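Colleague: The structure's right below; bear with me while I get my questions together.
The values are calculated or read from the model by the stated rules, or taken from the named source; none is laboratory data. The structure presented is a predicted model; accordingly, all values stated were derived computationally and were not measured. So basically every Cβ, Gly included, is an ideal-geometry build from the backbone, and we count neighbours across all protein chains shown.
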Ligand code: F6R
């Protein structure tokens, strides 16, 4: 969604805001803008395009002022135009705001302030907010903001400045993420940590219905009645280097390459040679595990695919029935949540609106919520009873890669531990599972070292308009994930299917122009069946790319291309099979001259419905 960054301090705001905004560009990139205050006047520059393009046109850094707001837009209300880009200003041009979210009653507000003579210059819902604040302004910005917020319905993260109070920056939040960075002689607001990480690691997480009043030396938080709220200052562990490209052409590639290390970080401190400890700070105790009778996993997109793999793992090793739901569907159903139902929410950002709404829905029905989340202190984490953090570090590329693999790791750890506690896995089996897990970082690294093969293969497929991805068992979700990666970054239409389902419909599509990617790793369950499915494709002239186990000679005879993956236990094959598919999608995108970090129409955290 949109990205917000704000600054008040002793330095020139503009250079710092541009750099911050670039780090948030993954959230939205159809327009960008900035407001500063200089000589008691609000200065505004904004336009359509990616931040660098807009910067070239308007030269943000030439804007003077030691306080300011910046915004990258992902349009919701109103076309992508200069007028609709943020910041928006009051008619007197003394108040300026940036907004991420959707105001549901904006039409009513527009009507109301319209009657008082306010005229609008954009089609956005956001502009209604700034006019409403202006309408309430009687000399005190904070009071005016509070009055306005009490009339708003919907989601917002807001940054507000006024030339009448040129040393005060106001932040407000309801449902859309916003953090405050506490510095020395300077303070910040941002939609996400990477924007301000270079300047401070001290973070206050604003909660819904809170506003922050920031000057260069002070941060005060209030509720919507104006009562002061005491907030904890958290220290972030992420480093600046982790939020940079570090020599890679794109964040997506860097993040694919980080998988061996983030897997190690995610298991660090949670495993020994023969045991898994998820209790620690999280409180996921053996007693909690014993109470579980049924699990419902809620998630969206790639995280939902992780959930499908989790279903397979949990039913197989922990023998607990699992359902996996799209959070966006679950939230509008009347699901049966009995005693002993555990809801597992999976989310990289921890801010996905549908997943958040799903856990609130389940909570009302009395469910216990466990979340697997990457971003510390995010909304989903804060609203869960138990949080298992993945340690993927900041994921900037819009297409999720390293977050996905760490989600699978966390599901695996959880599954093995529950299975052990419930007596379905003995001590030796736990030891073996940990041994298998420890093999992964090096195995993934070996595939990354062979990336040239994937690049060469991608070259052969850049002209194709469609692709089919097939998998079975635990690798069916990987077929879905491979197809999703390809379509979102390279705009090639791709579909994932259970391999055996192909003959019930999609087989009609197969001809010499249809590449079919088949996950066909060697195992004693479905491998032979997958070989038969491959034969069905070949018999109709399809081109088969097999994700196959290293050294598998049999498969060589019946497919066109092979991307080999190392062998590990069946339950861990998704973590290996997904890597060449991520690389394939990445290379196809780059060869087709698309920017994989900023796929069109997409945003990193989907904080609207
Ligand atoms: C795809 C992708 C999305 C996200 C989805 C959920 O590459 O990244 O499908 O997985 O929007 O996001 P989180 O995990 O942040 O809840």
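Colleague: Those residues that are within 23 Å of residue 232 (Cα to Cα) and either more than 8 Å from the ligand (Cβ to nearest atom) or without any contact (Cβ under 8 Å) to a residue 40 or more places away in the chain (or both), I need them from the range 340-368; list them, please.
Modeller: 350, 356
Colleague: Quick check on residue 322: is it closer than 18 Å to residue 411 by Cβ, modelled with pLDDT of 95 or more, touching a helix residue (DSSP H, G or I) at 6+ places or on another chain (Cβ under 7 Å) and within 16 Å of the ligand (Cβ to nearest atom)?
Modeller: no
Colleague: Considering only residues that are within 13 Å of residue 91 (Cβ to Cβ), out of contact with any strand residue (DSSP E or B) (no Cβ under 6 Å at 6 or more places or on another chain) and surrounded by 13 or more Cβ atoms within 10 Å (Cβ to Cβ), which ones fall in the range 102-127?
Modeller: 113, 114, 118, 120, 122, listed by residue number.
Colleague: Go through 84, 100 for me and flag whichever is part of a loop (DSSP other than H, G, I, E, B), modelled with pLDDT of 90 or more and on the phi < 0 side of the Ramachandran plot.
Modeller: Criteria check complete, one pass: 84.
Colleague: Would you confirm, using the coordinates I've provided, whether residue 265 is at pLDDT below 95 and not in a loop (DSSP other than H, G, I, E, B)?
Modeller: yes
Colleague: Next up: Could you tell me whether residue 433 is at pLDDT 95 or above and touching a helix residue (DSSP H, G or I) at 6+ places or on another chain (Cβ under 6 Å)?
Modeller: The answer is yes for residue 433.
Colleague: Shifting gears a bit: Tell me which residues, restricted to the range 46-57, are part of a helix (DSSP H, G or I) and surrounded by 17 or more Cβ atoms within 10 Å (Cβ to Cβ). Reasoning before the result, please.
Modeller: Kept after step one, since they are part of a helix (DSSP H, G or I), are these residues of the range 46-57: 51-57.
Listed by number, the residues that qualify are 51, 54, 55.
Colleague: Just the residues that are more than 13 Å from the ligand (Cβ to nearest atom) and in contact with a helix residue (DSSP H, G or I) (Cβ under 9 Å, 6 or more places away or on another chain), please, taken from the range 288-314.
Modeller: 289, 290, 292, 295, 296, 309, 310, 311, 312, 313, 314
Colleague: Moving on to the next point. Does residue 439 fit the bill of being in a helix (DSSP H, G or I), within 30 Å of residue 595 (Cβ to Cβ) and in contact with a helix residue (DSSP H, G or I) (Cβ under 9 Å, 6 or more places away or on another chain)?
Modeller: no
Colleague: Return a yes/no flag: does the range 391-403 have any residue that is away from the ligand (no atom under 11 Å from the Cβ), touching a helix residue (DSSP H, G or I) at 6+ places or on another chain (Cβ under 6 Å) and more than 25 Å from residue 251 (Cα to Cα).
Modeller: no
Colleague: Among the residues of the range 369-388, which ones are away from the ligand (no atom under 13 Å from the Cβ) and either more than 18 Å from residue 177 (Cα to Cα) or in contact (Cβ under 8 Å) with a residue 60 or more places away in the chain (or both)?
Modeller: 369, 370, 376, 377, 382, 385, 386, 387, 388
Colleague: So residue 328 fits all but one of (1) assigned to a strand (DSSP E or B); (2) within 16 Å of the ligand (Cβ to nearest atom); what number is the exception?
Modeller: (1)
Colleague: Which residue out of 256, 271, 296 is at pLDDT below 95, surrounded by 15 or more Cβ atoms within 10 Å (Cβ to Cβ) and under 22 Å from residue 403 (Cα atoms)?
Modeller: 271
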